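All remarks here apply to the structure that follows.
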Amino acid sequence: MKTQVLVIGSGAGGAVTALELARNGVDVTVLEEGKRHPLASYGQGTTESMKRLYRRRGMTPIFGSVPIGYVEGRCVGGSTEINSGFWHRTPREVLLRWKAQFDLDGASVEELAPHFEWAEELLSVSLSGKPWPKSTEVFAKGADAMGWAAKEVPRAATGCENSNACANGCPKGAKQGMSLAVVPKFEDAGARLITGAHVKLLVKRGSRITGVLAEVEMDDGARKLVRIDAEHVFVCAGPTETPALLRRSGIKFHVGETLRIHPMLKVVARFRERIDAWANVLPLMQVQEFRPEVSMGGAFFTPGHAALALSDNWDPSRMKDLRNMAGYYVAVRGRGRGQVRPGVLGDDSTVIRYELADEDVVNLSNGLARLATLLLAAGAEEVFPSVQGLPSITSEREAVRWLDDRLSRSSLSLTTVHAFSSCPIGERTDKCAADSYGKVARWDNLYVNDASILPDSPGVNPQGSVMAFARRNAQHFLDARA
Ligand SMILES: Cc1cc2nc3c(=O)[nH]c(=O)nc-3n(C[C@H](O)[C@H](O)[C@H](O)COP(=O)(O)OP(=O)(O)OC[C@H]3O[C@@H](n4cnc5c(N)ncnc54)[C@H](O)[C@@H]3O)c2cc1C
């Protein structure tokens with residue numbers, strides 16, 4: 001098979017790339033490893049949803065002195081199908097830093113604004129416009145009592161019906177993941193989507209990529225190795241699989257050396273009153289006061305997530321208070337650094353490492369102190385941190401201890417759902433894998449266009465940045481060909 005442009009991955013980066021190119025008359029084929037799932041199959045229980053929609057059934061470890069649990073999507077639409085739809089533009093300060101540190105061209109607030117506006121309209125990004133669920137209300141009360149800047153974050157989920165199923169695929173079709181908001185549009189514009197197509201290797205000749213080798217699932221369920229030729233290849237397989245695929249194909253220049261994440265520490269708060277967080281959408285508010293280094297907000301919460309969060313200091317009797325509980329998090333901008341490598345056993349596995357920086361531990365400790373203080377001020381009687389051996393926090397005095405003391409690394413149970421920067425873009429050839437618009441260094445027709453290109457951690461939920469940069473880069477590609 002031959003195509004003009006091959007896009008690998010149909011998540012936030014890949015779907016936008018395909019749409020922009022197809023709408024401008026380019027012959028596009030998208031290869032997606034996961035399957036297309038109808039809306040009717042969304043919103044199942046956690047175990048079933050993780051099996052269908054997540055990579056490795058939701059069990060991807062990030063190795064390091066503190067192991068970190070990581071998940072990402074593996075389905076049409078990628079991680080946008082299982083995320084919460086919180087929307088941010090890349091903060092001005094972060095963009096200024098990227099210019100200063102990576103010599104990133106064409107990425108000022110003003111230059112990115114039209115791309116954000118486009119994406120926000122496409123996904124109907126808005127505030128909920130409905131009365132807040134109790135778990136948001138109490139969080140707002142706590143932030144107010146502390147006098148901290150906090151606000152409801154807009155989401156790509158207009159018409160959200162509080163079904164509390166974001167992470168299992170929104171069954172109501174309210175969340176505007178790529179499968180709903182972008183994939184049908186790129187198909188209408190003429191792009192082909194091949195699902196169940198796992199790209200194993202890029203095929204090279206000289207300084208060009210001539211195509212890919214992909215294992216594709218046929219109609220009878222058999223898997224066949226297929227070669228697909230292309231004039232240009234955009235790798236949009238996400239922040240871990242993009243560098244793994246490039247390195248597996250022998251493309252290693254600043255690839256997979258600088259993974260950044262937002263390490264996240266979760267807590268469960270038990271209130272005097274009924275909260276019923278498990279029966280409502282997750283808390284919609286985030287504290288802005290300590291941005292970009294530290295942010296706080298609401299976590300996805302089901303009985304299973306509650307049990308998991310409480311398991312560090314497990315006492316089964318606590319589960320009887322489930323209706324009075326809600327989950328929250330503190331996330332830090334992540335000053336540590338990670339690596340991504342293809343597994344060595346020939347099984348297409350990916351090995352991810354991240355070493356938590358000392359500042360990360362300090363910020364997580366401060367963040368826990370502040371989050372616990374806020375929740376106590378909001379009326380929580382007990383705050384249970386995901387920290388092994390740390391008893392529940394029941395007073396402000398116990399909480400503020402962590403403003404000065406450090407949590408021990410070995411006790412932390414951390415997770416993350418935000419990863420990036422594994423193929424940073426910019427004009428600094430001493431640290432960038434690709435130029436400012438995603439063209440991979442030393443290759444004539446190879447591009448990266450997903451979360452892996454963000455030069456450094458954005459400090460805010462990343463989907464907006466991924467989409468805005470992806471559209472900007474696709475337009476730059478079109479302009480360069482014109
Ligand atoms: C649970 C969860 C909650 C989140 N919440 C938010 C939020 O509220 N707001 C926000 O801004 N961000 C959120 N994020 C992060 C956001 O979804 C991601 O940053 C964004 O989707 C990344 O886009 P991407 O294109 O890089 O990767 P993805 O969207 O993950 O897409 C990559 C795609 O490539 C495919 N692929 C990978 N390897 C191959 C291969 N070899 N061959 C073919 N296909 C391949 C994958 O199957 C996948 O579909 C969340 C993420 C998760 C997992």
I'm told Thr242 meets every condition in (1) away from the ligand (no atom under 11 Å from the Cβ); (2) under 19 Å from the mean Cα position of the chain (by Cα); (3) of a type in the set (S, T, N, Q) except one. Can you identify the failing condition by its number?
(1)
For the range 311-425, which fully contained strands (runs of 3 or more DSSP E) count at least 2 residues that are surrounded by fewer than 23 Cβ atoms within 10 Å (Cβ to Cβ)?
337-342, 350-355, 380-385, 414-416
Filter pass, Arg472 being within 27 Å of the chain's Cα centre (by Cα) and farther than 26 Å from Thr90 by Cβ:
no
Report yes if some residue within the range 114-123 is over 21 Å from the mean Cα position of the chain (by Cα) and touching a residue at least 12 places away in the same chain (Cβ under 8 Å); otherwise report no.
no
Hey, among the residues in the range 190-205 that are open to solvent by less than 20 Å² (accessible area, probe 1.4 Å) and more than 9 Å from the ligand (Cβ to nearest atom), which one's farthest from Leu31 (Cα to Cα)?
Leu202
Looking at this structure, is Arg208 within 16 Å of the ligand (Cβ to nearest atom) and surrounded by fewer than 21 Cβ atoms within 10 Å (Cβ to Cβ)?
no
Condition check: within 12 Å of the ligand (Cβ to nearest atom), open to solvent by 30 Å² or more (accessible area, probe 1.4 Å) and touching a strand residue (DSSP E or B) at 6+ places or on another chain (Cβ under 9 Å). Does Glu33 satisfy that?
yes
Given the residues Val267, Val294, Val235, which is the only one that is crowded, with 24+ Cβ neighbours inside 10 Å, touching a residue at least 60 places away in the same chain (Cβ under 8 Å) and either over 18 Å from the mean Cα position of the chain (by Cα) or away from the ligand (no atom under 16 Å from the Cβ) (or both)?
Val267
Here is a list: Val76, Val138. Which entry is in contact (Cβ under 8 Å) with a residue 60 or more places away in the chain and away from the ligand (no atom under 16 Å from the Cβ)?
Val138
Can you work out which of the residues in the range 86-110 that are charged (D, E, K, R) and touching a residue at least 24 places away in the same chain (Cβ under 8 Å) is nearest to the ligand (Cβ to nearest atom)?
Arg89
Using the structure shown, decide if Ser457 is within 13 Å of the ligand (Cβ to nearest atom) and either in contact with a Leu (Cβ under 7 Å, 6 or more places away or on another chain) or not assigned by TED's automatic domain parsing to the domain that holds Thr242 (or both).
no
Can you name the residue in the range 48-73 that is away from the ligand (no atom under 16 Å from the Cβ) and among the hydrophobic types (A, V, I, L, M, F, W, C) and, of all such residues, is most open to solvent (accessible area, probe 1.4 Å)?
Phe63
What number of residues within the range 434-454 satisfy the criterion of being part of a loop (DSSP other than H, G, I, E, B) and more than 14 Å from the ligand (Cβ to nearest atom)?
8
So which of Ala156, Ala181 is crowded, with 22+ Cβ neighbours inside 10 Å, of a type outside the set (Phe, Trp, Tyr) and within 16 Å of the ligand (Cβ to nearest atom)?
Ala156
Looking for something out of contact with any helix residue (DSSP H, G or I) (no Cβ under 9 Å at 6 or more places or on another chain) and modelled with pLDDT of 95 or more - is there at least one such residue anywhere in the range 71-89?
no
(1) in contact with a Pro (Cβ under 9 Å, 6 or more places away or on another chain); (2) within 13 Å of the ligand (Cβ to nearest atom): which one isn't true of Arg472, the others all being true?
(2)
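The values are calculated or read from the model by the stated rules, or taken from the named source; none is laboratory data. Everything quoted here is computed from the prediction, not taken from an experiment. We place every Cβ from the backbone using ideal geometry, glycine too, and count neighbours over all the protein chains shown. Remember, those area values only see protein heavy atoms, side chains included, never the ligands or the DNA or RNA. Shrake-Rupley method; radii C 1.70, N 1.55, O 1.52, S 1.80 Å.
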